[in-house]
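Participant: Before I ask anything, here is the structure I am working with.
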Amino acid sequence: MTTKATSTKATKTQNTRRQYWFCAFRVFVCFVVWPTVAWGQSLTQRGFLEGTLVGYPQEAPNDPTQVVDDFLAREEVFASPTPWLRLAGGLDARANSHDQVEDSWAVDFTDRTIRRPRFSIRRAAATLTHGPFTLDAGKQFIRWGRADVVTPTDRFAPRDFLNVFDNELLGVTGVRGTVETGAGTLEAVWTRFTPSRVPLVDQRWTVLPPDVPPPPGPLPRVYPDSPQVGIRWNHTGAGVDWSASYFDGNNYLPNIDATGLSFPPMHMAGGDVALPTAWLTIKGEAAYFASSSTTTDEYVLYVIQLERQTGEWVFVGGYAGEAVTNLRSTTPVTFAPDRGMTRSFVGRAAYTIDVNRSFALEAAVRTSGDGEYVKAEYSRAYGQHWRATVSAVGIGGHSDDFLGQYHRNSHATASLRYSF
Amino acid sequence: MNRRTGRVGLVGMLLLSAGVVRAQDARQIITEAQKRTDAKSQRYEGLLQVFDAKGKISDKRWSFERLGSHGQSKAVLRFTAPAEVKGVALLIVNHPDRASDQWMWTPAIERDRRIALQDRSTRFFGTDFSFEDLEERDVDQYDYTLAGDDSIDGAACWKIQSTPKQSKSSQYTKAFVWVRKDTYAFARIENYVKDQAVRRLNYSDIQNVQGIWTARQMEMTDLRRNSRTRLTLDKLEYNVPLKEDDFTLLAIRRP
């Protein structure tokens, strides 16, 4: 009886959800597609279908699976019904052979699911422009910072870390206002909290210390209700680009303890600079992080990076550092790739073979020698639509190091993408 | 002694003044060529075809908009095909007295990146154009010498050597520019590093578009790699209404 009632309720919920999305689709057609077609304004799209095969030579203690198939379909549509209004919409559809995708067929908007959603709204935003003023509202991508190695000031850019090193940006829902002046832009941001997606507890990218028993299932998560706000001045000039930024919100990476995952309050003040010289481009980025949580560290992250292009080569190399100003965390389990990648030398060399082929090599080495990571990638385009990419990742080091803990996760990847 | 010195001085002065006249002529020719292409704005859709020694290997399409002319212009170049580079955009801010500023927007990572001066010699998306080749040349950024007369595709041309001034940071040591005598349109530019010709840009299908003689096809040959890239201009228009607001870092993020 109870089961039947639950089932009826679920069906009703599903119907309501379907009606909601049908209504949303009609709104989209009425307000975006129809005016665009009728008034002859621009409507553009881009998308792709991508299949990826990942092979791990070694089994992990908590995950014997050695081959994972993944499929992603993405479609993004951009419309300009009027010169002052631009609309953007994007949808992702996923499938995975290793239970990394949610079973639900509902379309996800929040990106708060433990696994990747089967269907998700990647972006849904309106951009209004009036003279120097621009307002972006809705689900969108906001990037701060200039460094590539680690970007400490990039506070509105949570990521999907299910496979730690092949991570992907997640959109955030909110409002961004920008005022453009001759010398730069002033940006103010207000968003709802979006967490980074952390590795699944029963899969190889979660590595627990030997004395910590694996939890029976996903740990509970408590998401903050408070908004995430930030302000950034970004200067672009003839000789140097720089910015100063402030963020007040929550860390999109969790504190982990026996009770579950929590996302501590965070205040960030930071900046970045890019200085092109005759031989090199020097980039720097640094941020100070404070928290009102008594179990959260306070620290400074900084990056010094050098870039040089010569012929068909692009070289990027740098050092990412960390200085802890107030050590307060006591938990033995953490997941903080931003801090984990610091105290490391990081480099990347990319070579453009021709218009269709490229090769890249990247590496990270901890200064302590406790962890290292190296990746080689070859990519080739075929015709106007197809691209094949193969890569090999080697990871080594000690189990108590952020990089080294993944020493059983060296892997090779082959992906085929059809863009349209 | 005095008579001999005087004779040498006179010959020297004559040679020098001839050189000045030739330099002056060369500058006047380039100035006139530049003046004849002045426009408030320009828009076209470009088709880039890349050929290696064996044949065609890639097509790319972009839309191009430019506000202003020569050293006072801003331009946005936005890829429209193939699908994997759709939305990639380049903002070029040209200056009369120095090299341009350039930024590239890459939608896949949602970030813009300044193209540093030392990076301008790199090939643009694997084509035979470098980032520097996408800049607009301004007459005041070079010194000129008339190198003689020549003909390109049967059209009589002035052959002019241009050397970048110190303020114009360039990968090229010098260039030879061929300017058609009938229309003052560029017919060829051959770029040199030291004494080696490295890139040759041929202009063809020159048509009068709204009073401006314009090459509808340009072919850049990388003489060291033996590869070439052909750029064909479609839907070319001059003096179209464009807004200053569309030539900013913020604007190139909008698809």
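Participant: Considering the range B:48-97 alone, what residues qualify as being hydrophobic (A, V, I, L, M, F, W, C), under 20 Å from A:TYR382 (Cα atoms) and in a strand (DSSP E or B)?
Facilitator: B:LEU48, B:VAL50, B:PHE51, B:ILE57, B:TRP62, B:PHE79, B:ALA81
Participant: I need the full set of residues from the range A:388-420 which are away from chain B (no Cβ under 14 Å), small (Gly, Ala, Ser), surrounded by fewer than 20 Cβ atoms within 10 Å (Cβ to Cβ) and in contact with a Gly (Cβ under 9 Å, 6 or more places away or on another chain), in order please.
Facilitator: Matches in the range A:388-420: A:GLY396, A:SER410, A:ALA412, A:ALA414.
Participant: Which of the residues that make up the range A:296-317 are without any contact (Cβ under 8 Å) to a residue 40 or more places away in the chain, within 26 Å of A:THR331 (Cα to Cα) and assigned to a strand (DSSP E or B)? Working first, answer last.
Facilitator: Step one: of the range A:296-317, the residues without any contact (Cβ under 8 Å) to a residue 40 or more places away in the chain are A:297-298, A:300, A:304, A:306-311, A:313-315, A:317.
Checking the rest, the ones that are also within 26 Å of A:THR331 (Cα to Cα) come to A:297-298, A:300.
Listed by number, the residues that qualify are A:GLU298, A:VAL300.
Participant: Something else now. Looking at the range A:191-229 only, could you name the residues that are in a strand (DSSP E or B) and crowded, with 17+ Cβ neighbours inside 10 Å?
Facilitator: Correct list: A:THR191, A:ARG197, A:GLN228.
Participant: Identify, by number, the condition in (1) within 14 Å of chain B (Cβ to nearest Cβ); (2) in a loop (DSSP other than H, G, I, E, B) that A:GLY369 doesn't meet.
Facilitator: The one condition A:GLY369 does not meet is (1).
Participant: What pairs come out if I take residues in the range B:115-131 that are facing another protein chain (nearest Cβ under 7 Å) and pair them with residues that are part of a loop (DSSP other than H, G, I, E, B) and among the charged types (D, E, K, R) whose C-beta lies under 6 Å away, six or more apart or interchain?
Facilitator: Filtered contacts from the range B:115-131: B:GLY126/A:ASP354.
Participant: Within the range A:31-84, take every residue that is touching a strand residue (DSSP E or B) at 6+ places or on another chain (Cβ under 7 Å) and part of a loop (DSSP other than H, G, I, E, B) and give me the one that is modelled with the lowest pLDDT.
Facilitator: A:TRP39
Participant: Could you list, in sequence order, the residues of the range A:259-282 that are surrounded by 20 or more Cβ atoms within 10 Å (Cβ to Cβ) and either facing another protein chain (nearest Cβ under 10 Å) or β-branched (Val, Ile, Thr) (or both)?
Facilitator: Matches in the range A:259-282: A:ALA274, A:PRO276, A:THR281.
Participant: Further question on the same structure: Condition first: surrounded by fewer than 16 Cβ atoms within 10 Å (Cβ to Cβ), not basic (Lys, Arg) and not in a loop (DSSP other than H, G, I, E, B). Now tell me which residues in the range B:226-244 satisfy that.
Facilitator: Passing the criteria: B:ASP234, B:GLU237, B:GLU244.
Results for (1) within 14 Å of another protein chain (Cβ to nearest Cβ); (2) surrounded by 17 or more Cβ atoms within 10 Å (Cβ to Cβ); (3) under 30 Å from B:ALA53 (Cβ atoms); (4) touching a strand residue (DSSP E or B) at 6+ places or on another chain (Cβ under 8 Å), shown as yes or no for each residue.
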site	(1), (2), (3), (4)
B:LYS159	no, yes, yes, yes
B:SER169	yes, no, no, no
B:TYR184	no, yes, no, yes
B:VAL198	yes, yes, yes, yes
B:LEU201	no, yes, yes, yes
B:ALA215	no, yes, yes, yes
B:GLU219	no, yes, yes, yes
B:LEU249	yes, yes, no, yes
B:ILE252	yes, yes, no, yes
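Participant: A follow-up question, please. Please verify whether A:ALA238 is within 14 Å of another protein chain (Cβ to nearest Cβ) and either over 30 Å from B:ILE115 (Cα atoms) or of a type in the set (A, V, I, L, M) (or both), treating the condition exactly as stated.
Facilitator: yes
The values are calculated or read from the model by the stated rules, or taken from the named source; none is laboratory data. On a predicted model such as this, the values are computed, not experimentally measured, just so you know. All Cβ positions, even for glycine, are placed from backbone atoms using ideal geometry, and neighbour counts span all protein chains on display.
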